Amino acid sequence: MFKSHISCRVCGNEKLKPYLNLGLMPLSNNLLSAPDEIAPRYPLEVLLCERCGLSQLSIVIDPVTLFGHYVYRSSMSEGYKKHCHDMALDLRDQYDLDAETFHIDIAGNDGALLAEFKKVLGHKTLNIDPAVNLIKICEDQGIRVYNTFWGMAAAKHLLATSWPLPKLITATNVFAHVDDVTEFLDAIKSVLRSDGVAIIEFPYLIDFIEKNEFDTVYFEHLSYFSIYPLSVLCGQRGLVLADVTHHDIHGGSVRCHIRKHGEPSTNVKRYVFKELEEGYNKIETYKNWAAKVDHVVRNFSKLITYSAGTDFKIYAFAASAKGNTLLNVARLTADDIPFIIDQTPEKIGKYSPGTGIPIVSLDKLVEDQPDFLVLLAWNFAEEIIEKCKAAGYKGRYILPLTCEVI
């Protein structure tokens with residue numbers, strides 16, 4: 001079910017240092033069928049490699065357990081779809097992409113990214129994703145799916161069949177999920193055209209620290225990357241981290257352009273210098289941050305338990321992985337937050353693991369009109385607030401990491 005991983009997956013350093021221990025936690029996206037169902041728990045701890053600056057979990061859960069049937073749906077967020085559409089426009093102009101471009105999206109989920117790219121380019125695409133339940137959703141949009149995990153086996157299969165070599169490979173919000181990052185990049189290198197580009201996008205470690213985004217720690221997220229360890233890894237695999245840009249999505253993400261040839265841009269060098277200069281490869285930086293996390297959790301827990309003990313009614317929005325981390329670390333239950341509102345069909349009628357809180361539709365929010373709504377998917381706060389107001393909700397909103405009331 002899980003294995004220990006206490007050597008750095010980038011540089012092999014065996015002297016990793018722990019800095020954040022969230023205790024025994026359930027699998028965030030493995031929702032329950034009954035409120036009293038017992039969710040298995042595993043140690044959720046983050047370690048630092050001071051040699052290359054990578055942060056990673058101390059264990060790896062079997063990926064089939066996590067991703068074989070996946071309830072997260074990318075297309076549920078209009079903000080994410082707009083982000084993908086804008087990305088398509090940017091990359092089209094930067095790399096002369098057109099209708100003849102063959103594009104592979106690694107772990108493309110329900111096809112949200114490829115659907116937006118197809119609107120812009122009208123090109124040939126392939127989604128490589130292991131979730132069986134998402135295949136039909138993609139195919140109904142005209143997106144072909146190779147139902148498997150990305151790695152050398154998948155790459156060899158493509159090379160042995162009639163698929164052309166891709167000029168564009170995208171991998172958004174998946175690189176942090178990968179145990180063998182070396183094989184992941186080797187597989188990309190083996191199929192990417194010589195003039196092609198691989199775009200890897202992930203939540204940025206510096207935003208994670210500076211904005212106290214500890215709730216993005218869950219078992220799918222095996223690694224927490226900054227630019228320095230990725231540049232080290234690319235160099236080891238004979239690839240070039242050619243450019244990097246920062247984007248606001250998911251609380252702060254970086255888009256990394258990886259190529260077979262060329263030199264790192266000045267921008268890449270600037271990121272690496274800043275990370276090392278500010279001590280993001282030093283354990284003291286992270287231990288100081290972990291103390292702040294304790295403070296954030298205590299404040300949030302006090303706010304909710306105090307309010308729940310009064311006449312105030314508090315619900316939450318989004319049965320998200322980050323929300324599940326937050327609720328479990330704060331030790332909240334259905335006694336504190338009776339319902340979680342969600343719009344993903346596969347989640348409604350289920351229960352949040354570890355807390356037993358029922359997941360219900362937006363209709364429940366409008367019908368009950370709770371005083372406050374905790375935005376567990378705070379990274380899409382603006383979109384959620386707009387959606388809830390349009391549906392007829394008249395209450396106020398709580399941003400959990402800052403305890404700000406809107």
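We did not get these values from a lab; they are worked out from the coordinates using the rules stated. No experiment lies behind these values; they were computed from the predicted model shown. Don't worry about glycine lacking a Cβ; one is built from the backbone with ideal geometry, like all the others, and counts go over all protein chains shown.
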Exercise. Could you tell me which of Asn288, Phe67, Gln369 has its Cα farthest along the dipole of the chain towards the positive end, charges placed at Cβ (Lys, Arg +1; Asp, Glu -1), taken about the Cα centre?
Key: Asn288
Quiz item: Taking neighbour Cβ counts within 10 Å as the exposure measure, how do Trp150, Trp289 sort from fewest upward?
Solution: Trp289, Trp150
Quiz item: What percent does the relative contact order of the chain come to when contacts are Cα pairs within less than 8 Å and at least six residues apart?
Solution: 16 percent
Quiz item: In debye, nearest 20: dipole of the chain around its Cα centre with unit charges on the Cβ of K, R (+) and D, E (-)?
Solution: 580 debye
Quiz item: So for the chain, taking the charge dipole from beta-carbon charges (+1 Lys/Arg, -1 Asp/Glu), which of Thr402, Cys11, Tyr146 sits furthest toward the positive end?
Solution: Cys11
Quiz item: Applying the Karplus parametrisation 6.51 cos²θ - 1.76 cosθ + 1.60 with θ = phi - 60° to the phi angles of region 192-197, what ³J(HN,Hα) value in whole Hz is obtained for each residue in order, glycine and proline being reported as x?
Solution: 5, 4, 4, 9, x, 9
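Compute and list, largest first, the equivalent-ellipsoid semi-axes of region 285-405 from the alpha carbon gyration tensor, each √(5λ) rounded to a whole angstrom.
Values: eigenvalues 105, 46, 43 Å².
They are 23, 15, 15 Å, listed from largest to smallest.
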Exercise. Estimate the FRET efficiency between Lys15 and Ala291 by the formula 1/(1 + (r/R0)^6), using the beta-carbon distance for r and 30 Å for R0, to the nearest 0.05.
Key: 0.85
Quiz item: Given Asn379, Phe102, Ile227, which one lies farthest toward the positive end of the charge dipole of the chain, if we put +1 on the Cβ of every Lys and Arg and -1 on the Cβ of every Asp and Glu?
Solution: Ile227
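For Glu37 and Asp311, FRET efficiency with R0 = 25 Å and r from the beta-carbon atoms, rounded to 0.05? All intermediate terms of the calculation are to be shown ahead of the outcome.
Values: r = 31 Å, r/R0 = 1.23.
For R0 = 25 Å, the calculated efficiency reads 0.20.
With a ≥ b ≥ c the root eigenvalues of the C-alpha gyration tensor of region 86-184, is it rounded (a/c under 1.5), prolate (a/b larger than b/c) or oblate? Working shown, then result.
On the way: a/c = 1.43, a/b = 1.30, b/c = 1.10.
Since a/c stays below 1.5, the shape of region 86-184 is classed as rounded.
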Exercise. Provide the descending list of Cα extents for region 274-314 along its principal axes, expressed in whole angstroms.
Key: 50, 16, 8
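Which whole number in µm²/s is D for region 228-319 by Stokes-Einstein, with the Kirkwood Rh taken over Cα pairs at 20 °C and 1.002 mPa s?
Values: Rh = 16.9 Å.
Reported coefficient: 127 µm²/s.
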Practice problem: For region 341-406, evaluate the Debye formula with one uniform point scatterer on each Cα (no solvent term) and list log10 I(q)/I(0) at q = 0.12, 0.16, 0.24 Å⁻¹, rounded to two decimals. | Solution: -0.30, -0.54, -1.20
Quiz item: Which Cys in the chain stand alone, with every other cysteine's Cβ at 4.7 Å or more from theirs?
Solution: Cys84, Cys138, Cys234, Cys256, Cys388, Cys403
Quiz item: If you bin the C-alpha pair distances of region 197-356 every 5 Å from 0, what whole percents do you get?
Solution: 1, 8, 14, 16, 15, 13, 10, 9, 7, 4, 2, 1, 0
Quiz item: Ranked by Cβ crowding within 10 angstrom, fewest neighbours first, how are Leu365, Leu276 ordered?
Solution: Leu276, Leu365
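Working out 0.36 nm times the residue gap between Lys302 and Gln369, then minus their Cα-Cα distance, what length gain in nm do you get to one decimal?
On the way: separation 67, 0.36 × 67 = 24.12 nm, distance 2.24 nm.
Going from the current span to full extension adds 21.9 nm.
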Practice problem: Kindly put Arg331, Arg9 in sequence by how many other C-beta atoms sit within 10 Å of each C-beta, fewest to most. | Solution: Arg331, Arg9
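Please compute the volume of the convex hull spanned by the alpha-carbon atoms of region 74-276 and report it per residue in Å³.
On the way: hull volume 24.0 nm³, N = 203.
Cα convex hull per residue, to the nearest whole number: 118 Å³.
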Self-check item: Candidates Val71, Val132, Val197: whichever shows maximal mean-square fluctuation once the chain is modelled as a Gaussian network with Cα springs under 10 Å
Solution: Val132
Exercise. Take peptides 152-161, 216-225, 394-403 and line them up by average Cβ neighbours within 10 Å, highest first, as a rough protection proxy.
Key: 216-225, 394-403, 152-161
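If Rh is defined by the Kirkwood formula over all Cα pairs and Rg also comes from Cα, what ratio Rg/Rh do you get for the chain?
On the way: Rg = 21.0 Å, Rh = 21.9 Å.
My calculation puts Rg/Rh at 0.96.
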Quiz item: Whose amide H sits under 5 Å from the amide H of Tyr397, counting only residues 5 or more places off or on another chain, with H placed in the peptide plane?
Solution: Leu373, Ile406
